[in-house]
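Engineer: Mind looking over this structure? Questions follow.
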Amino acid sequence: MHMNKPEVYLFGQILGTHSFLLKGGFLQPDEYSEIAEQYFLPGGETGTAATVLSSLGVSVRMDGTWIGTEVAPILKAFYADKSVDLSALQYMDEDPGVMDYVVIAGLVRSPMGRFQTLFSSGRRWWSVPKESDIAGCSVVAIDPFFGEDSLLAAQICVRLGIPYVTIDAPHDSYLHKHAAVNVVSKECTSGHYAGMAPEAVMELMMREAEGLTILTQGGGEMLYGRNGGELRRLRPYDVEVRSTLGAGDTYKAGCVYAVLKGMSDEETVRFASACSAVAISRFPLPLNPPKLEEVTALIEGRKD
């Protein structure tokens, strides 16, 4: 679908994801595992966020990963009836495209891919963000994985005065400093801030940020706050987990929606958390993305 001025621009990973939901427990060495369900659907941090935002009623333009011959047909077919504009994407003729493979059993999942090989290849396999694609949007989301080009997207946003949401940007980065929201995962803190208490990480992050910092901790409580403000906490919503695939990407999408709608910090964290909770209660996420009424019902069903 092509639209003149979508509300949101997303820049980052857009993949074809092969997902396998196992019957019983997770893979064990030398043991047989039965596949309950398997799919080949759009994924990646940006692809998943686009799917979720479209389901929430938001119009989106996305760009990032170049799209190859195996990934292109599923993207075009999947988004044909959704409010997602693919016109910025660059297509490749000689390459199947970037895909990942995810094995899932309840609370655990293992993603597999060739990203280390791709990133170390020295060749480009993603687009450079264009100001013309970003201008006129109300909110932007930027994945940090594309180095100088992720930075460029943030710089364009700052120049145009458009708020952006990012994920896992370290405290001393431009992406973190100027973000409207930076959602930091447990994976990021254990890598960048090994041995530091979550509160100490937050203190560091909040001090360097113009916007809201949220630290998610899987099933643990979320910490959030701003420079000069107090550190606040919220526990996640309790749902029965079918698959955690896409939980963080859905959380990011929830934050984008919250910024678009001018929500307060507490409302933002609640909304994003509820989006993520709805997402992990089903599989596969792209075919069953959270709807606004479901997210609202979950929030209203719990009065802290």
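The values are calculated or read from the model by the stated rules, or taken from the named source; none is laboratory data. Since the structure is predicted, the reported quantities are computational estimates derived from the model, not experimental observations. Backbone-built Cβ (ideal geometry, glycine too); neighbour counts: all protein chains shown.
Engineer: What is the one condition in (1) of a type in the set (Val, Ile, Thr); (2) outside any loop (DSSP other than H, G, I, E, B); (3) within 27 Å of residue 65 (Cβ to Cβ) that residue 162 does not satisfy?
Structural biologist: (2)
Engineer: Among the residues of segment 55-76, which ones are in a loop (DSSP other than H, G, I, E, B) and among the hydroxyl-bearing types (Ser, Thr, Tyr)?
Structural biologist: Correct list: 59, 69.
Engineer: Only residues that are surrounded by 21 or more Cβ atoms within 10 Å (Cβ to Cβ), among the polar types (S, T, N, Q), out of contact with any Gly (no Cβ under 7 Å at 6 or more places or on another chain) and closer than 14 Å to residue 239 by Cα: list them for segment 267-295, please.
Structural biologist: Of everything in segment 267-295, just one residue is surrounded by 21 or more Cβ atoms within 10 Å (Cβ to Cβ), among the polar types (S, T, N, Q), out of contact with any Gly (no Cβ under 7 Å at 6 or more places or on another chain) and closer than 14 Å to residue 239 by Cα, namely 273.
Engineer: When residue 96 is evaluated against the numbered criteria (1) at positive phi; (2) touching a helix residue (DSSP H, G or I) at 6+ places or on another chain (Cβ under 8 Å); (3) without any contact (Cβ under 8 Å) to a residue 40 or more places away in the chain, which criterion, by number, is the only one it fails?
Structural biologist: Result: residue 96 fails condition (1) only.
This table checks each residue for (1) modelled with pLDDT of 95 or more; (2) of a type in the set (S, T, N, Q).
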| site | (1), (2) |
| --- | --- |
| 168 | yes, no |
| 176 | yes, no |
| 180 | yes, no |
| 201 | yes, no |
| 204 | yes, no |
| 218 | no, no |
| 223 | yes, no |
| 234 | yes, no |
| 244 | no, yes |
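Engineer: In addition: Check off (1) part of a loop (DSSP other than H, G, I, E, B); (2) in contact (Cβ under 8 Å) with a residue 60 or more places away in the chain for residue 238 and give me the number that stays unchecked.
Structural biologist: Going through the list (1) part of a loop (DSSP other than H, G, I, E, B); (2) in contact (Cβ under 8 Å) with a residue 60 or more places away in the chain, residue 238 breaks only (2).
Engineer: Could you grab me the full set of residues in segment 1-46 that are closer than 16 Å to residue 140 by Cβ and either without any contact (Cβ under 8 Å) to a residue 60 or more places away in the chain or acidic (Asp, Glu) (or both)? Spell out the reasoning first.
Structural biologist: Initial filter on segment 1-46 (closer than 16 Å to residue 140 by Cβ): 3, 5-14, 45-46.
Once the filter is applied, which keeps residues that are closer than 16 Å to residue 140 by Cβ and either without any contact (Cβ under 8 Å) to a residue 60 or more places away in the chain or acidic (Asp, Glu) (or both), segment 1-46 yields 7, 45.
Engineer: Still on this structure: Which condition number in (1) modelled with pLDDT of 95 or more; (2) part of a helix (DSSP H, G or I); (3) surrounded by fewer than 15 Cβ atoms within 10 Å (Cβ to Cβ); (4) of a type in the set (D, E, K, R) is the one that residue 187 fails?
Structural biologist: (1)
Engineer: State all residues of segment 144-203 that are over 19 Å from residue 9 (Cα atoms), polar (S, T, N, Q) and free of Cβ contacts under 8 Å to residues at least 24 places away in the same chain; if no residue qualifies, say none.
Structural biologist: Residue satisfying the conditions is 190 alone.
Engineer: Can you tell me which residues in segment 248-266 are under 21 Å from residue 232 (Cα atoms) and without any contact (Cβ under 8 Å) to a residue 12 or more places away in the chain?
Structural biologist: Answer for segment 248-266, where residues must be under 21 Å from residue 232 (Cα atoms) and without any contact (Cβ under 8 Å) to a residue 12 or more places away in the chain: 262, 263, 264.
Engineer: Provide a single number: the residues in segment 140-153 that are more than 16 Å from the chain's Cα centre (by Cα), crowded, with 17+ Cβ neighbours inside 10 Å and either more than 21 Å from residue 119 (Cα to Cα) or of a type outside the set (A, V, I, L, M) (or both).
Structural biologist: Counting residues in segment 140-153 that are more than 16 Å from the chain's Cα centre (by Cα), crowded, with 17+ Cβ neighbours inside 10 Å and either more than 21 Å from residue 119 (Cα to Cα) or of a type outside the set (A, V, I, L, M) (or both) gives 1.
Engineer: Inside segment 10-46, can you point out the residues that are assigned to a strand (DSSP E or B), β-branched (Val, Ile, Thr) and within 30 Å of residue 133 (Cβ to Cβ)?
Structural biologist: Listed by number, the list holds a single entry, 17.
Engineer: Would you confirm whether any residue within segment 210-229 is touching a strand residue (DSSP E or B) at 6+ places or on another chain (Cβ under 7 Å), assigned to a helix (DSSP H, G or I) and touching a residue at least 24 places away in the same chain (Cβ under 8 Å)?
Structural biologist: From segment 210-229, those touching a strand residue (DSSP E or B) at 6+ places or on another chain (Cβ under 7 Å) are 211-216, 221-226; that's our starting set.
If we keep only those that are assigned to a helix (DSSP H, G or I) too, we end up with none.
Looking for residues that are touching a strand residue (DSSP E or B) at 6+ places or on another chain (Cβ under 7 Å), assigned to a helix (DSSP H, G or I) and touching a residue at least 24 places away in the same chain (Cβ under 8 Å), one finds none in segment 210-229, hence no.
Engineer: As an exercise: evaluate residue 20 against (1) at pLDDT 95 or above; (2) more than 24 Å from residue 248 (Cα to Cα) and give the number of the one condition it does not meet.
Structural biologist: All conditions pass for residue 20, except number (2).
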